[in-house]
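Since every read-out is calculated from the coordinates, none of them should be taken as a lab result. The structure presented is a predicted model; accordingly, all values stated were derived computationally and were not measured. Cβ placement follows ideal geometry from the backbone for every residue including glycine, while neighbour counts extend to all protein chains displayed.
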Amino acid sequence: MTCPSAAAISQLLEGTLAEPARVAIESHLDGCASCGELVSELAWVVAPPRTAPPRYRLVRELTDAWLADDLERNEPVELVFTDDPTVLRTAQIWRELAQPGLVEVVDAGTHGDETYVATRIVDGVTAIEPRTLETVGALHRAGGVHGSLGPLVGGPGRPNDPAYRAPEVLHGAAPSAKSDQFALCVALWEAGVGRRPFAGATPGALAVAMQSAPPASGALAPHVVAALRRGLDPDPERRWPDLDALTAALERPPTRRWPYAILALAAIAITFAVVLAAL
Amino acid sequence: MPATSDQLAVACARVREALPALELAESDLGAAITEHAGDDVEGYLALCHLAELALACGASHGNGFAIAEIERTHRALLDSVCNRFASPGHSRDDLMQILRSKLFVAEPDRRPRIADYDGRGSLAGWLRVLAVREFIDLTRRKDRTRELAMTDATPELIEPRDLALETIKAEYRGAVAQALVDAARRLEPGDRHLLRQHLVAGLTIDQLAAVLGIHRATAARRIARAREQLATIARTLVAERLALADTDLGEIFSMVASKLDLTIRRMLESRPA
């Protein structure tokens, strides 16, 4: 392949190249020193190295955050940068709640065009557990939204894995208490069944899969399947009103009397119908 | 294929609406469209950044309004590129002057570069690539710490020194280093490029995502996958070549993995300001 034109490289940066063309250019970059250097230089121009507020010194880039030194408290922190300013409010509520099970928010603010949240480094992040529902419920009651829940519960402001994003969020809506509920139900389903309720390689495919209820699984008690399915409803309005209701539904098997009574009535009605048809 | 007179009339009307003050001969715009459209003129015109193509076309013919408009609109962008490449040998103003003359002035055997803009992407993106490419050629110098020696894709990807192979038993060192080099050769070229830019050029995930036009999470996932593949392939190769027990292999590769992390950190810390 000859070296790509300035126009082609520019389209690569803008993300407007068709997939085969993008793959071909990336392969070319691997073997061509001057184009590799061009792209490397362009990276410094289009995305200058990240800077941090004066209180912090960036140490290392992690997958979705930065490890930094907090020069005020002289301890390491994790810094998350986001362009979503509503995270500030969540961080504020988060700090006031200071619940066990919530990662401690050290500081939050704006830096340039971005919002940042600094959290204390805990030993990994908290895995989802019963307490998580209570903790996130408290966050919701205080008017906050987590927005990035998954099987591991980190601090606010992180990008959320699409597999845990509610369909309305995949379609561009802002995260809400109802989308937090959806994410928790995906993570709980995954923990109980051993695989995620919805499969899809792309956010688009996931959004399509999320339009139907996940298949029943013998690994979970029927009332748990029912409770999680309601939390996974594609329509946010039809999910549980809040996490307390979800928790209650998960904990308490429904009373058996009514379903049995209805089954018995149905059986009698069918018997009648069969008998009548036979006459 | 040349544009039909109808297509050209519509194109000219679109340009007049966007840039009433631009005086551009219809035939000049027609020639630019013919040159860049390829076979599908209709499809090209539907996607073309027509106003920017018209400005570039005007500027290539020395139209003062077009040149001033391009310089005004893209001043900040061109300044940032010039800043990046400014050095004691070439001040920022020198670089801007050189860029202007490349863009807008014909050389004896070459038309002004701005005539090459094809309207398929934004003019800003195209200018940025062109400017960086020109400045790399101009300021290529020996002391560039992040210069990439890429005649062979692999040796610089794995620095035995960085991997601190001395922590591995001497008899395995050569085999492990060779396995890592061989494993790097077997990676998908695109993934190898990504990993090299990350490990050697010290580009952050944010930067890689921006420059490859992919989502940040995608870049992070691809890097993680490439590193994992590298370790897995190398591990298989060492197992084949040395007939080692699984426990020994595990020990060697946990060391290698931890040193790969160290390598990344060192790259990031030694990044030029």
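Considering only Cα atoms, the convex hull volume of the stretch A:6-46 works out to 58 Å³ per residue. Peptide A:42-55 shows a mean partner chain C-beta count of 6 within 10 Å per residue C-beta. The separation of the stretch B:1-56 from the stretch A:2-58, counted between C-alpha centres, amounts to 29 Å.
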